[in-house]
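Peer 1: Quick one: the structure is below, and I'll ask about it shortly.
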There are 2 protein chains.
Amino acid sequence: MTADVKSSPRERLLEAAATLTYRDGVGVGVDALCKAAGVSKRSMYQLFESKDHLLAASLEERAAAYVVTLLPPADGDRSPRERIMHVFDRLASEAGAPDFQGCRFLAVQIELKDQSHPASRVAHRVKENLTAFFRAEAERGGASDPDLLARQLILIFDGASARAGIKADTPTGLVAPTVTVLLDAAGVR
Amino acid sequence: MTADVKSSPRERLLEAAATLTYRDGVGVGVDALCKAAGVSKRSMYQLFESKDHLLAASLEERAAAYVVTLLPPADGDRSPRERIMHVFDRLASEAGAPDFQGCRFLAVQIELKDQSHPASRVAHRVKENLTAFFRAEAERGGASDPDLLARQLILIFDGASARAGIKADTPTGLVAPTVTVLLDAAGVR
């Protein structure tokens, strides 16, 4: 009756890969992944071409939840400025969780050090989509330079989540005033 | 007559640890480190308590060069604003190198995921010192809130170097205008 009983070997491997790489890094071994998922190595290699592909698939699977967690609902009546601030409010909230280690999509790219790795490609695309959200809202809000503002916002997002992840700082009292200054400078309504 | 001939096993191990962990990550094995340094494992363990301690020592050794690379000379007659911009100009220049993978002191902390690891502690201290530089210049420059400005500047620094390291963006045309907006908002001369 538990999730473990219901979920398939594939789902359990995806969950184990997402959880263990977030907690321990991309160097986590195939043995540890299979053990956590309760799946044999033979079964794993029948389902995934390699550990690299399992890791990429696990990030792909987390991408939808990431978008739901961070982005405002599409049908709201909030201003572009409020919709941008929503993302940073969500980041501040996520960063308050005790097991927060920063953005998994940034961490994977930093750890793999190989932008052609299948998991790096997935992570890169997820962050490109977040940048595109910022770009669209910047344009709707009348930013003087929407491209620059979108680059600034994803820079703040990645910098703040990285620094919160390593416990060097927290977004509280930092991210909101910084984003406010940048939105004001760009003339976003 | 080469550096290799002159340098001691300890120096070669420190160099190998710095080079290989920057290129490949903190998961690099003791065998690979010893091979690159031309030192036996037995000798390595006579010089360093563990790979963790070797890694910490290699970061410690790189800290001085990091400061020289980034910070302006102490005896210059430049304004606090110019001295802050100097650091970001240097970052942009460093990020243009083909083997740039972002800030090693940030990467190590993200990769290790353990703030009590000896190497994380060294890396954390190095970045705290850079934050303290920003804080001192912010105060000298008359910033309305020097603490906030210092937190903003190190956030930009870490975000920009991380994003440049994973080839998601480049500091060019991004960091200077962003820092300018923040310095203006804080009223720094």
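Peer 1: Taking interchain pairs and intrachain pairs at least six residues apart, which have beta carbon atoms under 7 angstrom, with the first residue in segment B:141-161 and free of Cβ contacts under 8 Å to residues at least 12 places away in the same chain and the second part of a loop (DSSP other than H, G, I, E, B)?
Peer 2: B:Leu155/A:Leu174
Peer 1: Which residues, taken from segment A:100-118, are within 10 Å of another protein chain (Cβ to nearest Cβ), in a loop (DSSP other than H, G, I, E, B) and under 19 Å from B:Arg23 (Cα atoms)?
Peer 2: A:Lys113, A:Asp114, A:Gln115, listed by residue number.
Peer 1: So B:Leu54 clears everything in (1) surrounded by fewer than 19 Cβ atoms within 10 Å (Cβ to Cβ); (2) not assigned by TED's automatic domain parsing to the domain that holds B:Pro177 except one condition, right? Which one?
Peer 2: Condition not satisfied by B:Leu54: (1).
Peer 1: Taking the stated definitions as given, is B:Leu70 under 22 Å from B:Leu183 (Cα atoms) and without any contact (Cβ under 8 Å) to a residue 24 or more places away in the chain?
Peer 2: When the stated conditions are applied, B:Leu70 does not pass them.
Peer 1: Continuing with the same structure: Restricting to segment A:24-47, what's the tally of residues that are within 21 Å of A:Gln115 (Cα to Cα) and either in the same structural domain as A:Leu106 (by TED's automatic domain parsing) or surrounded by fewer than 16 Cβ atoms within 10 Å (Cβ to Cβ) (or both)?
Peer 2: Of the residues in that region, 3 qualify.
Peer 1: Name the single residue, out of those in segment B:119-143 being of a type in the set (Gly, Ala, Ser) and within 11 Å of chain A (Cβ to nearest Cβ), that is nearest to B:Glu82 (Cα to Cα).
Peer 2: B:Ala123
Peer 1: Name the residues in segment A:143-174 that are closer than 20 Å to B:Asp184 by Cβ and either in contact with a Gly (Cβ under 9 Å, 6 or more places away or on another chain) or among the acidic types (Asp, Glu) (or both), would you?
Peer 2: Once the filter is applied, which keeps residues that are closer than 20 Å to B:Asp184 by Cβ and either in contact with a Gly (Cβ under 9 Å, 6 or more places away or on another chain) or among the acidic types (Asp, Glu) (or both), segment A:143-174 yields A:Ala143, A:Ser144, A:Asp145, A:Leu148, A:Leu149, A:Arg151, A:Leu155, A:Ile156, A:Gly159.
Peer 1: From A:Ala63, A:Ala143, A:Ala97, A:Ala74, grab the single residue that is aliphatic (A, V, I, L, M) and either assigned to a helix (DSSP H, G or I) or assigned by TED's automatic domain parsing to the domain that holds A:Ala18 (or both).
Peer 2: Selected residue: A:Ala63, the only one of A:Ala63, A:Ala143, A:Ala97, A:Ala74 that is aliphatic (A, V, I, L, M) and either assigned to a helix (DSSP H, G or I) or assigned by TED's automatic domain parsing to the domain that holds A:Ala18 (or both).
Peer 1: Let me ask something else about it. Tell me whether segment A:170-179 contains one or more residues that are hydroxyl-bearing (Ser, Thr, Tyr), surrounded by fewer than 16 Cβ atoms within 10 Å (Cβ to Cβ) and within 11 Å of another protein chain (Cβ to nearest Cβ).
Peer 2: yes
Peer 1: Among the numbered criteria (1) without any contact (Cβ under 8 Å) to a residue 60 or more places away in the chain; (2) more than 30 Å from B:Pro146 (Cα to Cα); (3) in contact with a helix residue (DSSP H, G or I) (Cβ under 6 Å, 6 or more places away or on another chain), which single criterion is violated by B:Arg62?
Peer 2: Among (1) without any contact (Cβ under 8 Å) to a residue 60 or more places away in the chain; (2) more than 30 Å from B:Pro146 (Cα to Cα); (3) in contact with a helix residue (DSSP H, G or I) (Cβ under 6 Å, 6 or more places away or on another chain), the lone unmet condition for B:Arg62 is (2).
Peer 1: Tally up the residues in segment B:55-82 that are under 17 Å from B:Thr131 (Cα atoms), more than 15 Å from the chain's Cα centre (by Cα) and of a type in the set (S, T, N, Q), please.
Peer 2: Result for segment B:55-82: 0.
Peer 1: Could you list, in sequence order, the residues of segment B:150-169 that are under 16 Å from A:Ile154 (Cβ atoms), basic (Lys, Arg) and buried (at least 18 other Cβ atoms within 10 Å of the Cβ)?
Peer 2: Listed by number, the list holds a single entry, B:Arg163.
The values are calculated or read from the model by the stated rules, or taken from the named source; none is laboratory data. None of the values given here were measured: they were computed from a predicted structure. Heads up, the Cβs are rebuilt from the backbone with ideal geometry, glycines too, and the neighbour counts pull from every protein chain shown.
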